[in-house]
Amino acid sequence: MSWQPVIGLEIHVQLATQSKIFSGASTHYGSEPNTQACPIDLGMPGVLPVLNEQVVRMALKFGQSIGAHISPYSTFARKNYFYPDLPKGYQISQYDQPLIEGGSINITTPEGDEKTVGITRAHLEEDAGKSIHDVFPDKTGVDLNRAGTPLLEIVTEPDIASAEEASNFMKTLRALVRYLDISDGNLQEGSLRCDANVSVKPKDSDRFGTRAEIKNVNSFRFVEKAINYEIERQIDVIENGGEVEQETRLYDPDKNETRTMRGKEEAMDYRYFPDPDLLPIKVDQPLLDEIMASLPELPWEKRHRFQSEYALSTYDANLLTQNKPAADYFESVLTMTSAQPKQVANWLNDEMAAALNKDHLTIEQCPISAEHLAGLLERVVDETISGKIAKEVFERMWNGEGDADTVIAQQGLKQISDSGELEGIIDEVIANHPQQVEQYQSGKTKVFGFFVGQVMKATQGKANPQQVNELLEKKLNG
Amino acid sequence: MHRLTLSELSRQLQNGDITSRQLTEHFLSRINQYDGNINSYTTATEQQALAQADHADRLLQQNQGGPLTGIPFAHKDIFCTEGIKTACGSKMLDNFVPPYDATVTHYLQQAGAVLLGKTNMDEFAMGSSNENSYYGPVSNPWDNQRVPGGSSGGSAAAVAAGLAPVATGTDTGGSIRQPAALCGVSGIKPTYGRVSRFGMIAFASSLDQGGVIGKTAECLARMLQPMAQPDGKDSTCFTQPPEDYLQTIERPMDNLTIGVPSEFFESDMEQGVTDCVNQAIEDLQSMGATVKSVSLPHTEAALSAYYIIAPAECSSNLARYDGVRYGHRCNEPQDLQDLYKRSRSEGLGDEVKRRIMTGTYALSAGYYDAYYLKAQKIRQLVKQDYVQAFNDVDCIVAPTTPATAFEQGEKTQDPVAMYLSDMFTIPVNLAGLPALSLPCGFNNGLPVGMQLIGTYFDEGRLLNIAHQYQQQTQWHQYFPEEYN
């Protein structure tokens, strides 16, 4: 039996406004507990919510960027339940009249194809506080700093077909919200949260299977692992004659498994009704036009342009456009060097990425400016140094030894391209290794590499590799 | 001094004939002397009152006083007062001292009014007799075996007995108008959205409105002016400031057409009440008004719709009282469920629990459409009745209550009978319209109130009609013997 996974995602994006969605308290992350909760966030008697306009504008940017329908009239609803980190005993959310409906986001499948993932809806709501179970013995601490932080809840259509596609979707969404400057999209800090709805069906069937909801996946890696585990689990259950239960399951990253959290019978009745303390959100065409005009080039638009304008592969373009500062850095370097886009892309996606990663830096914190990287690449293009030496120069530049020319001069790293000088060295090497010459001339072509190595050793790696190859060949083949 | 209206008091203060301190001490001493019988106050704020009075006197001496400077008032204990206990008639908030003022509190303080104390009320504004208070029932100053009405029973009784010259109240289904009528004083519930609800502890958010109880329409106007200012902290509060009510009330009552709703008079009513209200309508006619009959066909359905909508909203508004962050918390909670159950069971009274349960039911899955949604549709029909009526008439005149003050304990065993005492006031809240109750006679020695209902933001007209009526009649000048 061939199984097809069917996956839909529910993502909560924390919108990066200075103050909360319904109060003026700060949304700053990481402060001392309960120092950023005002009476409105605390649900004290008599307080009332007032909508933060910036929150709506940020949500509209998202809606416009994905081609969604923006409702000209949407309402807030109360979602009622009791929990200590929910101060009012209800969460202000949107229910039957959300702000955003429809739209889509394009992702790249693992096979490299382009695929469209539909968005069912996106709506505004407030975040709850945090329940902290591991600080006090026998008690749970409640930190309400987060209570009232604005969230955009995005629900996708069940268009996602694999765990890897899901992780690709999350990466694209993350890039999008960062491009739009509406969220820092940080999974670890919780400004981007993902729940996955997973079911399986026989490949030829039209009927969807029963789905389970997976919660607590807070990294791209865990998204993939959790979904893969769940797919296998469900297939297992069905193939052993059982039925998948509609339930909520928690992902445990230590054991790499999902466990039942809440069954269908315990499903909560939230008693939604329109919130009488808030007016409907009205969005008119001039506002929509203004937001549309303010949108930056979106990640997929940039990716397509990089592929067509710079002849980059999907893989390279993807990596470069994942965050806007990296893409901007790339294009900036391009304006200052005659190196080919592919070359620049390679440098950024390999050397640069590795160095940034190792030192835990972002591209904005990179110690080598775009101008200086361009300078380095220019020295490779004009053959002042070889590609191999360039890597050493890069490392020294990274450590603050100056720009490319400074490092090359100080370390004497210029490439030796003088054919006269090279011929002399080559002659010496050949003279010193008659045995290998004989081996080469009797058919062991692999020995060629030995001679190249010897020339490089004699020149501390500075010999121009192409010239060495040409000259060696000439001399050995006589 | 306790028989004087606000305009008389204000004049004397401005002229220096009396000081605010004298006035305040007078009321504080009367409270000490008489409130034991009435129980209209739950918290006295003597120190603050005197300090505020002294501050007001300084302003008055420098001729910097306004219409309310130095005027003492009683404040319904539903309005948060910073640093002063605000319990909303409930054990749940017996230990609650707000770190913020309600906007109404703030505006009145800015206007120079002097806070005498917080008044008793039905718990969380749920009740029509002030018998649902954690702090004990309030007595009607006209007959202390009888109820003053509710939920603003304390405020109405205080004004009626001369323990405050004016008081604030709130009205969700009649809680200003009904006690005003039963206590023989005037009371106004403004248009929904006229007065900010920030800091006014919520019962039913789409119905609650803050207002005033006082001796005359002029007192109401004077007090309502600062209360009705816009407030950005309440999203449902109107953004434009009100007209000058004290100017509006002086205009002649020209070309007035009043509507009398046939459905109201078809209900079960005390004959004496019907007689007084009919007489008042005749009085208005002789003052130049034209009387027309109007029909408000959905009046009967309004009561049922209200008793779904209000409890539904209340069940959600009162969910925050969980013993976690403030308010009553049970001793030694064993776990979360225990904390919730015992804190709420201990802290909340029976009527409140009754309405929370009713409201939760009405909103629950499978019942939402049949109850809550349907009730909201009926609400639209009720509103349309009035909008249509106001095409023909300027103001609707009706009884405020079907009967005069009933006895304490008479209806406590029968919640529905209690609910019926609000049948004339409730439709007005559903429609969000302004309404005013004023004394128009007595039946068996007990006060009778007449209700004026206006179209949206027409408070000025209602105050004007009431003021003009009170220039021609004396019902507002009667005062209970016992407290003279």
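Among the residues of region B:213-239, those that are away from chain A (no Cβ under 14 Å) and either closer than 11 Å to B:V195 by Cα or among the aliphatic types (A, V, I, L, M) (or both) comprise B:I213, B:A217, B:L220, B:A221, B:M223, B:L224, B:Q225, B:P226, B:M227, B:A228, B:Q229.
Matching residues to (1) touching a Cys at 6+ places or on another chain (Cβ under 8 Å); (2) assigned to a strand (DSSP E or B); (3) open to solvent by less than 10 Å² (accessible area, probe 1.4 Å):
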residue: B:A375; (1), (2), (3): no, no, yes
residue: B:R379; (1), (2), (3): no, no, no
residue: B:V382; (1), (2), (3): no, no, yes
residue: B:N391; (1), (2), (3): no, no, no
residue: B:G409; (1), (2), (3): no, no, no
residue: B:V428; (1), (2), (3): no, no, yes
residue: B:L436; (1), (2), (3): no, yes, yes
residue: B:C440; (1), (2), (3): yes, yes, yes
residue: B:G460; (1), (2), (3): no, no, yes
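A quick yes/no check of all residues on (1) under 20 Å from B:N464 (Cα atoms); (2) part of a loop (DSSP other than H, G, I, E, B); (3) away from chain A (no Cβ under 14 Å); (4) open to solvent by 10 Å² or more (accessible area, probe 1.4 Å):
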residue	(1), (2), (3), (4)
B:A156	no, no, yes, no
B:G174	no, yes, yes, no
B:P179	no, no, yes, no
B:R197	no, yes, no, no
B:F203	no, yes, no, no
B:S206	no, yes, no, yes
B:G211	yes, no, yes, no
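A count restricted to region B:337-365 and to residues that are facing chain A (nearest Cβ under 10 Å) and under 24 Å from the mean Cα position of the chain (by Cα) stands at 1. Please go through region A:272-303 and pick out each residue that is within 14 Å of chain B (Cβ to nearest Cβ) and either closer than 28 Å to A:K225 by Cα or touching a Ser or Thr at 6+ places or on another chain (Cβ under 6 Å) (or both). Selection gives A:P274, A:P276, A:D277, A:L278, A:L279, A:P280, A:I281. When B:E351 is tested against (1) acidic (D, E); (2) more than 15 Å from B:I308 (Cα to Cα); (3) assigned to a helix (DSSP H, G or I), only condition (2) is not met. One residue stands out among those in region A:178-197 that are farther than 13 Å from A:F62 by Cβ and among the hydrophobic types (A, V, I, L, M, F, W, C): the one that is modelled with the lowest pLDDT, which is A:L187. Only residues in region B:24-37 that are closer than 16 Å to B:E482 by Cβ count as the first member; pair them with residues that are assigned to a helix (DSSP H, G or I), Cβ under 7 angstrom, at least 6 apart or cross-chain, and list the lot. Partner pairs satisfying both residue conditions: B:Y34/B:Y483. Among the helices (runs of 4 or more DSSP H) confined to region A:340-414, the ones with at least 1 residues that are under 25 Å from A:Q467 (Cβ atoms) and open to solvent by less than 60 Å² (accessible area, probe 1.4 Å) are located at A:341-347, A:370-381, A:387-398, A:404-411. If I filter region A:5-39 down to residues being over 28 Å from the mean Cα position of the chain (by Cα) and among the aliphatic types (A, V, I, L, M), which single residue comes out as nearest to the other protein chains (Cβ to nearest Cβ)? Of everything passing the filter in region A:5-39, A:A37 is nearest to the other protein chains (Cβ to nearest Cβ).
Here is a check on your reading of the model: is B:P242 outside any loop (DSSP other than H, G, I, E, B), open to solvent by 10 Å² or more (accessible area, probe 1.4 Å) and of a type outside the set (G, A, S)? It is false that B:P242 is outside any loop (DSSP other than H, G, I, E, B), open to solvent by 10 Å² or more (accessible area, probe 1.4 Å) and of a type outside the set (G, A, S). Scanning region A:185-231 for residues that are assigned to a strand (DSSP E or B) and in contact with a Gly (Cβ under 9 Å, 6 or more places away or on another chain) yields A:L192, A:A196, A:N197, A:V198, A:S199, A:V200, A:K201, A:P202.
Scanning region A:459-478 for residues that are crowded, with 17+ Cβ neighbours inside 10 Å and more than 19 Å from A:V393 (Cβ to Cβ) turns up A:Q467, A:V468, A:L471, A:L472, A:L476. Picking from residues in region B:67-89 that are more than 10 Å from every other protein chain (Cβ to nearest Cβ) and out of contact with any strand residue (DSSP E or B) (no Cβ under 7 Å at 6 or more places or on another chain), the one that is surrounded by the most Cβ atoms within 10 Å (Cβ to Cβ) is B:G89.
Return the residue satisfying two criteria in turn: it lies in region B:366-377 and is out of contact with any helix residue (DSSP H, G or I) (no Cβ under 7 Å at 6 or more places or on another chain) and within 11 Å of chain A (Cβ to nearest Cβ), and of such residues it is farthest from B:P427 (Cα to Cα).
Applying the first criterion (out of contact with any helix residue (DSSP H, G or I) (no Cβ under 7 Å at 6 or more places or on another chain)) to region B:366-377 yields B:366, B:368-370, B:373-374, B:377.
Then keep just the ones that are within 11 Å of chain A (Cβ to nearest Cβ); that gives B:366, B:368, B:373.
Numbers: B:G366: 27, B:Y368: 21, B:L373: 17 Å.
Among them, the one singled out is B:G366.
Considering only residues that are surrounded by fewer than 20 Cβ atoms within 10 Å (Cβ to Cβ) and of a type outside the set (D, E), look in region A:92-107 and name the one that is farthest from the other protein chains (Cβ to nearest Cβ). Residue satisfying both the conditions and the ranking: A:N106.
For region A:319-338, the criterion of a residue being among the basic types (K, R) and within 19 Å of A:C366 (Cα to Cα) is satisfied by at least one position. With respect to (1) away from chain A (no Cβ under 14 Å); (2) part of a helix (DSSP H, G or I); (3) out of contact with any Cys (no Cβ under 8 Å at 6 or more places or on another chain); (4) open to solvent by less than 40 Å² (accessible area, probe 1.4 Å), the lone exception for B:V416 is condition (4).
Taking every residue in region A:445-464 that is on the phi > 0 side of the Ramachandran plot and pairing it with any residue that is open to solvent by 50 Å² or more (accessible area, probe 1.4 Å), at least 6 positions away or on another chain, the pairs with Cβ-Cβ distances below 8 Å are A:G461/A:K388.
Based on what the data block shows, is B:Q334 open to solvent by 10 Å² or more (accessible area, probe 1.4 Å) and away from chain A (no Cβ under 14 Å)? First the steps, then the outcome.
On the way: open to solvent by 10 Å² or more (accessible area, probe 1.4 Å): yes; away from chain A (no Cβ under 14 Å): no.
Considered against the rule, which asks whether it is open to solvent by 10 Å² or more (accessible area, probe 1.4 Å) and away from chain A (no Cβ under 14 Å), B:Q334 comes out as no.
Considering region A:40-56, the residues that are surrounded by fewer than 19 Cβ atoms within 10 Å (Cβ to Cβ) and part of a helix (DSSP H, G or I) include one that is farthest from the other protein chains (Cβ to nearest Cβ), namely A:Q54.
In the set B:P230, B:P190, which member is within 24 Å of A:P45 (Cβ to Cβ) and open to solvent by less than 10 Å² (accessible area, probe 1.4 Å)?
Details: B:P230 fails: open to solvent by less than 10 Å² (accessible area, probe 1.4 Å).
Just a single option satisfies the conditions, and that option is B:P190.
When region A:336-353 is filtered for residues that are of a type outside the set (D, E, K, R), touching a residue at least 24 places away in the same chain (Cβ under 8 Å) and either touching a Leu at 6+ places or on another chain (Cβ under 8 Å) or closer than 14 Å to A:S369 by Cα (or both), the ones remaining, listed by number, are A:M336, A:T337, A:A339, A:P341, A:Q343, A:V344, A:A345, A:W347, A:L348, A:N349, A:A353.
Of all residues in region B:469-484, those that are buried (at least 21 other Cβ atoms within 10 Å of the Cβ) and more than 18 Å from B:D275 (Cβ to Cβ) total 2. The test for being open to solvent by 10 Å² or more (accessible area, probe 1.4 Å) and modelled with pLDDT under 95 does not hold for B:Q145.
Filter region B:102-117 for residues that are under 19 Å from the mean Cα position of the chain (by Cα) and in a loop (DSSP other than H, G, I, E, B); which is nearest to the other protein chains (Cβ to nearest Cβ)? If we take residues in region B:102-117 being under 19 Å from the mean Cα position of the chain (by Cα) and in a loop (DSSP other than H, G, I, E, B), then B:A102 is nearest to the other protein chains (Cβ to nearest Cβ).
The values are calculated or read from the model by the stated rules, or taken from the named source; none is laboratory data. None of these values were measured; they are calculated from a predicted model. Positions of Cβ are generated from backbone atoms using ideal geometry, with glycine treated the same way; all protein chains shown enter the neighbour counts. Keep in mind that these areas ignore ligands, DNA and RNA; they rest on the heavy atoms of the full protein, side chains included. Shrake-Rupley method; radii C 1.70, N 1.55, O 1.52, S 1.80 Å.
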